[in-house]
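For reference, the structure discussed in these notes is given below.
The values are calculated or read from the model by the stated rules, or taken from the named source; none is laboratory data. The structure presented is a predicted model; accordingly, all values stated were derived computationally and were not measured. Please note: Cβ atoms are built from the backbone with ideal geometry, for glycine as well, and neighbour counts cover all protein chains shown. Each accessible area value is taken on the protein alone, full model and side chains, heavy atoms only, with ligands, DNA and RNA left out. Shrake-Rupley method; radii C 1.70, N 1.55, O 1.52, S 1.80 Å.
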Amino acid sequence: MAWELDADKPIYAQLTERLQTRIILGQYRPGEKLPSVRELAAAAAVNPNTMQKALAELERKGIISTQSTNGKTVTQDLALIQDMKRKLARGHADAFFAGMGELGYTRAEALELLQEIEGAGRE
C-alpha cells in the first residue's frame with residue numbers, strides 16, 4: 001500500500017518526515033539496516049530517485065549512514081533520535097497554535113481548551 005502523500009509539499013520532504021517518524025516510533029530501530037532504496041520506493045509508490053533524495057537528506061542530518069557493503073543503517077545515537085522527536089513534536093505544536101490563531105485563539109486560550117479536552121477525556 002502506498003504512503004499517503006500531499007501534493008502541496010515536496011514529495012522527498014514528506015518521505016524524509018515519514019522515515020524520521022518511523023525511526024522515532026521504533027519501526028526502524030537504532031543500528032538496524034533499512035530496506036533498499038528500491039524497496040522503500042516501491043512501498044511508498046514513488047520514483048527511486050525521489051526516495052534516494054529523501055535518504056540523502058537523512059544521511060546529511062546524521063540520522064542514517066551508509067555502510068559500503070551493508071546498505072543504509074539507522075544511527076545508534078539515541079540522543080539524536082530524541083532531538084529529532086522533539087523537533088518534529090515542536091513542528092506539530094507550532095502548526096496547532098497557528099491553526100488556533102487563525103480561529104482567533106491566543107496561545108493561552110488554546111492551552112486552556114486543551115486542558116478542558118484532556119479533563120473531559122478522563123471522566
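Please give the solvent-accessible surface of Arg29 in Å², to the nearest 10, using a probe radius of 1.4 Å with every protein chain present.
Arg29 exposes around 140 Å² with every protein chain in place.
Full-extension gain between Arg107 and Gln52, please, as 0.36 nm times their residue separation minus the C-alpha to C-alpha distance.
Working: separation 55, 0.36 × 55 = 19.80 nm, distance 3.89 nm.
Residue separation times 0.36 nm, minus the Cα-Cα distance, leaves 15.9 nm.
Given a 1.4 Å probe and every protein chain left where it sits, what share in percent of the accessible area of segment 3-123 is carbon and sulfur? Present the calculation step by step, with values, prior to reporting the outcome.
Values: 4090 of 8130 Å².
Carbon-and-sulfur percentage of accessible area, whole number: 50.
Pop a pseudo-label 7 angstrom from the Cα along the beta-carbon direction at both Ala45 and Glu116 and give the gap in nm to one decimal.
In this crude label model, Ala45 to Glu116 measures out at 4.0 nm.
So what is the relative contact order of segment 53-123, in percent, for Cα pairs below 8 Å that sit 6 or more residues apart?
On the way: 26 pairs, mean separation 9.3, N = 71.
For segment 53-123, the relative contact order is 13 percent.
Per-residue ellipticity at 222 nm for the chain, helices alone: DSSP H runs ≥ 4 residues times -39500 (n - 2.57), over residue total, nearest 500 deg cm²/dmol?
Theoretical 222 nm ellipticity from helices: -20500 deg cm²/dmol.
When the scattering of segment 1-68 is computed by the Debye formula from its Cα atoms alone, each counted once and equally, what is log10 I(q)/I(0) at q = 0.16 Å⁻¹?
At q = 0.16 Å⁻¹ the computed log10 ratios are -0.50.
Based on the mean of other beta carbon atoms within 10 Å per residue, what is the order of 87-98, 49-60, most packed first?
Descending mean neighbour count gives 49-60, 87-98.
Mind pulling the angle between the C-alpha long axis of helix 48-60 and the longest principal axis of the chain? Nearest 10 degrees, somewhere in 0 to 90.
So the helix axis and the longest Cα principal axis differ by about 70 degrees.
Consider the candidate values (i) 16.4; (ii) 14.9; (iii) 15.3; state which one is Kirkwood radius over Cα pairs in Å computed from the structure displayed.
After the calculation, the listed value that fits is (i).
If the cut-off is a Cα-Cα distance under 15 Å, which aspartates and glutamates reach Lys85, setting aside same-chain residues fewer than 8 apart in sequence?
Glu17, Asp77, Asp94
Expressed as a whole number of Å, what is the distance separating the alpha-carbon centroids of segment 7-69 and segment 76-116?
Computed from Cα coordinates, the inter-centre distance equals 24 Å.
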